[in-house]
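Encoded as structure tokens, the structure appears first; notes follow it.
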Amino acid sequence: MKNNKFCEMIGIEYPIIQGAMAWIADSTLAAAVSNAGGLGIIATGNMPVDLVREEIRKAKELTDKPFGVNIMLLSPNAEEVARIVCEEKIKVVTTGAGSPGKYMEMWKSHNIKVIPVVASVALAKRMEKAGADAIIAEGCESGGHVGELTTMALVPQVVDAVNVPVIAAGGIGDKRGVAAAFMLGAVAIQVGTRFLAARECNIHENYKQKVLTAKDIDTVVTGRSTGHPVRVLRNKLTRKFQILEKGNAASEEFDKLGKGALTKAVKEGDLDNGSFMAGQIAGLISKEETCKEIIEEMFDLVNLLEKINKDIR
Ligand code: TUI
């Protein structure tokens, strides 16, 4: 997209980042998004470091377009992955679930564009001061680890608080969401949940079907009381979590129940015991498509913008 600050900064065609979904966003999905003109992201989550390097190298084979790597800061491997992205000459790093302050200097000295995900104005300001090139403002409509504010409330407040470009995330699932994000002052969007239904997304068929058949109210946030709030699709596991939370159970009990639950969902399609992370917009997503089809639909904005223009005159 000509004249788009974010596209220019990264060297991509469409101002869209694919959300970093742990155990899901692998080299196949990231390369498919990048080949379609967006910015694909390899999510490193809690991945072992050898696998991280392998996935990065696979993505380099699959695309010659820019792609990025996400570092989940709660991971015990975060420090090592932070060094690997430098060694592998990755161009863009996004971060989640914490403050990447201590790595900023190293990344900047390797000419990496650093784009932290934030859920508050305070962290956005801190990240700008520390040298972030852009900020992803993620509302609590998102799947996975979430903050408190909605996208609608968070994005314009972050836009007003920083001078770097702001990317909106959370609850964006089609071109209407894209238009709304731009109206809030974002220059780009990050999309996770819709890419769960991408043909190139290698999740278990049960996971994909759970997203495709989800209704508007089918996600819940578990773990608010333990300090690890995570939005997932309801199932037997979320009901067990809710019972533990009501009973103020010890954090070890949560850990026991949650251990391996994401891989149970992604790899085994275990409908009862898996943690099926997805955003509130899952209810809108009803068909499997290629990444190229998804991105082209989301930026087919001309008719929509004309209609908005007419409606407000
Ligand atoms: O990171 C995410 N979403 C995620 S990470 C993830 S893996 C995981 N699995 C199990 C339990 C926990 C995580 C699944 N989904 N989104 C980005 C995001 N970051 N949203 C909110 C934040 C955030 C929250 C607090 C960023 C910083 C922060 O505090 C930083 C500080 O030190 O002030």
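List of remarks:
- Those residues of region 3-57 which are in contact with a Gly (Cβ under 6 Å, 6 or more places away or on another chain) and hydroxyl-bearing (Ser, Thr, Tyr), in sequence order: 14, 34
- Taken over region 1-53, the criterion of being of a type outside the set (A, V, I, L, M, F, W, C), crowded, with 23+ Cβ neighbours inside 10 Å and either outside any loop (DSSP other than H, G, I, E, B) or at positive phi (or both) is satisfied by 18, 34, 40, 45.
- A search for C-beta distances below 8 Å between a residue of region 32-51 that is within 16 Å of the ligand (Cβ to nearest atom) and any residue that is hydroxyl-bearing (Ser, Thr, Tyr) and in a helix (DSSP H, G or I), counting only pairs 6+ apart in sequence or on different chains, returns 42/27.
- Qualifying residue in region 84-96 (condition: among the basic types (Lys, Arg) and over 22 Å from residue 12 (Cα atoms)): no
- Where a residue in region 127-154 is under 23 Å from residue 11 (Cα atoms) and its partner, wherever it lies, is basic (Lys, Arg) and in a strand (DSSP E or B), with Cβ under 6 Å and at least six apart: 133/113
- Region 238-251 residues that are in a helix (DSSP H, G or I), paired with ones that are of a type in the set (Asp, Glu) (beta carbon under 7 Å, 6 or more apart): 244/253
- Only one of the listed residues (258, 269, 247) is within 16 Å of the ligand (Cβ to nearest atom) and not aliphatic (A, V, I, L, M). That residue is 258.
- Considering the conditions (1) within 28 Å of residue 63 (Cβ to Cβ); (2) in contact with a strand residue (DSSP E or B) (Cβ under 6 Å, 6 or more places away or on another chain); (3) of a type outside the set (Phe, Trp, Tyr); (4) not in a loop (DSSP other than H, G, I, E, B), residue 186 is excluded by exactly one of them, (4).
- For region 212-241, filtered to residues that are over 21 Å from residue 269 (Cα atoms) and surrounded by 18 or more Cβ atoms within 10 Å (Cβ to Cβ), the residue that is nearest to the ligand (Cβ to nearest atom) is 223.
- Filter result for residue 146 (aliphatic (A, V, I, L, M) and within 17 Å of residue 97 (Cα to Cα)): yes
Just so you know, all these numbers are worked out from the coordinates, no wet-lab data involved. Quick caveat, the model's predicted, so the values are computed rather than measured. A quick note on method: Cβ atoms are made from the backbone with ideal geometry, for glycine too, and the neighbour counts reach across all protein chains shown.
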